[in-house]
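Here's the structure, in structure tokens; my notes come after.
Values quoted throughout were computed directly from the atomic coordinates according to the rules given, and no laboratory measurement underlies them. Please read these numbers as outputs of a predicted model, since none were measured by experiment. Methodologically, a virtual Cβ is constructed for each residue, glycine included, from the backbone with ideal geometry; neighbour enumeration extends over all protein chains shown.
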Amino acid sequence: MEKKKIYIEHPLKSKSANIIWQAISTEGGLAKWIADNVQQFDDTFEFMWGAPWAHHETRKAHIINKVKNKYIQLRWDDEEEDDAFLEMRMTKNDLTGDYVLQITDFAYDEDIDWLYSIWDRNFEAMWRTMGI
């Protein structure tokens with residue numbers, strides 16, 4: 001079975017390209033809204049969820065492409081689909097001047113609703129921790 005590409009657009013409350021770029025491309029920014037902890041080693045991010053002394057999950061993703069203040073594409077180490085990736089792209093709304101975060105992700109049919117709910121929680125965390 002092949003994964004399907006999903007797109008999510010989320011309006012942000014920020015006009016600062018630098019703030020958005022830091023949130024999607026640095027270990028400190030990603031740790032505020034995607035995982036409990038993120039470490040970067042060269043072009044690899046290690047994402048950790050949960051407490052290290054209890055049940056937790058760790059996943060690694062390699063940066064496959066990035067353009068500063070535009071987008072970053074990651075590929076999970078354990079990804080089996082050749083064409084699957086995660087992209088976080090920032091675009092600016094011409095009317096309001098605020099940024100929009102566009103997410104491209106991949107999931108199997110039975111996991112699509114779950115993935116949307118994960119992204120909803122991530123965006124809630126972004127709002128709580130960074131106000132954007």
- prompt: What are the residues in segment 1-30 that are buried (at least 19 other Cβ atoms within 10 Å of the Cβ) and part of a helix (DSSP H, G or I), if any?
  reply: ILE20, TRP21, ALA23, ILE24, SER25, GLY29, LEU30
message: Condition first: of a type outside the set (Gly, Ala, Ser) and touching a residue at least 60 places away in the same chain (Cβ under 8 Å). Now tell me which residues in segment 106-117 satisfy that.
response: PHE106, TYR108, ASP109, ILE112, LEU115, TYR116
task: Would you point out which residue out of ASP82, ASP113, ASP78, ASP94 is charged (D, E, K, R) and either outside any loop (DSSP other than H, G, I, E, B) or in contact with a His (Cβ under 9 Å, 6 or more places away or on another chain) (or both)?
output: ASP113
query: If you go through segment 99-107 one residue at a time, do you hit one that is within 23 Å of SER16 (Cα to Cα), more than 11 Å from the chain's Cα centre (by Cα) and in a strand (DSSP E or B)?
result: yes
- prompt: Which of (1) in contact with a strand residue (DSSP E or B) (Cβ under 7 Å, 6 or more places away or on another chain); (2) closer than 20 Å to GLY131 by Cα is the odd one out, the single condition HIS62 does not satisfy?
  reply: (2)
- prompt: Are there any pairs with C-beta distances below 7 angstrom linking a residue in segment 118-132 that is over 14 Å from LEU101 (Cβ atoms) to a residue that is surrounded by 14 or more Cβ atoms within 10 Å (Cβ to Cβ), with the two at least 6 apart or on different chains, and if so which?
  reply: THR129/LYS32; THR129/TRP33
- request: Name the residue, out of ASP94, ASP111, ASP105, ASP83, that is surrounded by fewer than 17 Cβ atoms within 10 Å (Cβ to Cβ) and in contact with a strand residue (DSSP E or B) (Cβ under 9 Å, 6 or more places away or on another chain).
  value: ASP83
